[in-house]
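To keep things clear, I will list the structure first and then write my remarks on it.
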Amino acid sequence: MPRNLVHVPYGYEPPKPATKGTLIFYDSFEQVQEDLEQAVAILEERAFSKLVLYPLHEETVRRMFKEPVSPYYKREKRLQEWVGEREDSSVVIEAFESKRKKYTPIDTALRHLVEKYGSPHFLVLTPEVANVFASFSSFEEWIVKLRLILLSEPPYLHPRLEKFRHRWDIAGEPQEG
């Protein structure tokens, strides 16, 4: 088997990639225009390679938040229009829930996203979604595998969010270390 030799100068180090990891926005996307802009700002500010928009199916939203929401296809169409206006290849809409067409537990969704997209993984959440996520028993298993970025300061903190305060921060605030 022939070898392909590449000659490089002594001391050459390959350049480090300028971007890293995946930013995942997990939300219903009912009315979040300014939240989307804030997520794109985080993407650019922290140099992530991808922003994955993960719209939730109606059944998932009903079970998690007990509130009505418009049909999945309408929210997905609005997101596609928004992504089309941006013409940015680093923003992707994940269609996992559209294929399932039913309630998808957050564990299943996160497992799918972690397998499909490059690490490290950062989850962008609204304060409401973060508190609901923290209420699940699997939260402690997931919080050590990914970090959270909350879009704003929550008026109420779930005790598990308080316990793992070092694993999340608020968008727009200076990062630690």
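Just so it is clear, none of the values below were taken in a lab; they were calculated from the coordinates. Bear in mind that the values here come from a model prediction, so they are computed numbers and not experimental data. No Cβ is skipped: glycine too gets one built from the backbone with ideal geometry, and neighbour counts run over all protein chains shown.
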### Message
With the cut-off at 19 Å, tell me which of the pairs LYS66/LYS102; LYS101/LYS145; LYS20/LYS145; LYS16/LYS145; LYS50/LYS101 have Cα atoms farther apart than that.
### Response
LYS101/LYS145; LYS16/LYS145; LYS50/LYS101
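Can you tell me the relative contact order of the chain? Whole percent, Cα pairs under 8 Å, sequence separation 6 or more.
Working: 223 pairs, mean separation 39.3, N = 177.
After rounding, I find 22 percent.
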### Task
Give, as a single signed number, the net charge of other residues whose beta carbon lies under 14 Å from the beta carbon of ARG86, with Lys and Arg counted +1 and Asp and Glu -1.
-4
### Task
On a 0 to 90° scale, report how tilted helix 72-86 is relative to the longest principal axis of the chain, with both axes built from alpha carbons and the result rounded to the nearest 10.
40 degrees
### Message
How are the alpha carbon pair distances in the chain distributed across 5 Å bins from zero to the largest one, expressed in percent?
### Response
1, 7, 16, 19, 20, 14, 8, 4, 3, 3, 3, 1, 0
### Query
Near the amide H of VAL91, under 5 Å away, which other amide H atoms are found, from residues 5 or more places off or on another chain, if H is placed in the peptide plane?
LEU51
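Tell me the mean residue ellipticity at 222 nm calculated for the chain from its helices only (DSSP H runs of n ≥ 4, each -39500 (n - 2.57), averaged over every residue, nearest 500).
Values: 8 runs with 71 residues, N = 177.
Computed ellipticity for the chain at 222 nm equals -11500 deg cm²/dmol.
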### Task
Using the number of other C-beta atoms within 10 angstrom as an exposure proxy, rank ILE149, ILE143 with the fewest first.
ILE143, ILE149
### Query
On a 0 to 90 degree scale, rounded to 10, what angle separates helix 106-116 from the longest Cα axis of the chain?
20 degrees
### Query
Once you list every other residue whose beta carbon is under 11 Å from the beta carbon of SER137, what net charge do they have if Lys and Arg are +1 and Asp and Glu are -1?
-2
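Can you give the local net charge around TYR117? Use residues other than it whose beta-carbon is closer than 14 angstrom to its beta-carbon, Lys and Arg +1, Asp and Glu -1.
On the way: positive: LYS20, LYS50, ARG111, LYS116, LYS145; negative: GLU94, GLU115.
Summing Lys/Arg as +1 and Asp/Glu as -1 gives +3.
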### Message
Per-residue counts of other Cβ atoms within 10 Å, averaged by peptide: what ranking do you get for 41-47, 114-120, highest first?
### Response
41-47, 114-120
